[in-house]
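Every number in this text was worked out from the coordinates using simple rules, so none of it is lab data. Keep in mind that what you see is a predicted model, and the values were worked out from it rather than measured.
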Amino acid sequence: MKIQLEQKEALEQANSDEMSKVLLARFGLLPRKKDGAAQMHRLLLELYERKKQSNRERKPEVAVMPVEDMGVFAGIKRQTMYDYLRRWLDLNLLKKTSFVNQGKVVIGYELNGTNLENSFRKAEGRIKQHMDESFKLIEQLQLELKKEKLRKDGISEDEEPQESVNHLHQ
């Protein structure tokens, strides 16, 4: 998982397209190549509209988009869409879903929440989990550095360093 957050702000008079681009940029979900043509904000807005319609009509299959359709909304080919999809799934923003339509099993993706906020809260949870794991690693690193320093100084890990003891007695 490669999380690439950006500090980007929406203009005061921003419309939904501009705001969705800013949001996707802040979560690292926009094209990373300078010449990237993917319109991921259009896909986000379509996923949201489908989720709303699905909730309103109580038809969960309405919210699901096959990868081919996702690529069409983003203006990219299916294989390229799979590359982008990985980041969305890593952040837990989307979930994979399947349903039966006219006797065929359709596999696709939908927002991983009842609306945009719920879906991005799931992404927030994934980022927080990643940060918590990183801080545990930092704690382990600090402990290992301390142990290595003690071994280098010839002090067993159970003993208190002699200079500290001498300093306390002064």
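Mind scanning Lys8/Lys59; Lys128/Lys152; Lys2/Lys149; Lys21/Lys51; Lys122/Lys147 and naming the pairs with a C-alpha gap bigger than 27 Å? Mind dumping the intermediate values first?
Numbers: Lys8/Lys59 36 Å; Lys128/Lys152 36 Å; Lys2/Lys149 33 Å; Lys21/Lys51 19 Å; Lys122/Lys147 38 Å.
Beyond 27 Å: Lys8/Lys59; Lys128/Lys152; Lys2/Lys149; Lys122/Lys147.
Looking at the range 39-121, I'd like the Rg to Rh ratio, where Rg is from alpha-carbon atoms and Rh is Kirkwood's inverse mean 1/r. Mind dumping the intermediate values first?
Details: Rg = 12.0 Å, Rh = 12.7 Å.
Ratio of gyration radius to Kirkwood radius: 0.94.
Given an 8 Å cut-off on Cα distances and at least 6 residues of separation, report the relative contact order of the range 39-121 as a percent.
Details: 108 pairs, mean separation 25.3, N = 83.
With pairs under 8 Å counted, the relative contact order is 30 percent.
From the list [x] 63, 33, 21; [y] 45, 41, 33; [z] 82, 43, 30, can you say which value of Cα extents along the principal axes in Å was derived from the structure given?
Read-out taken from this structure: [z].
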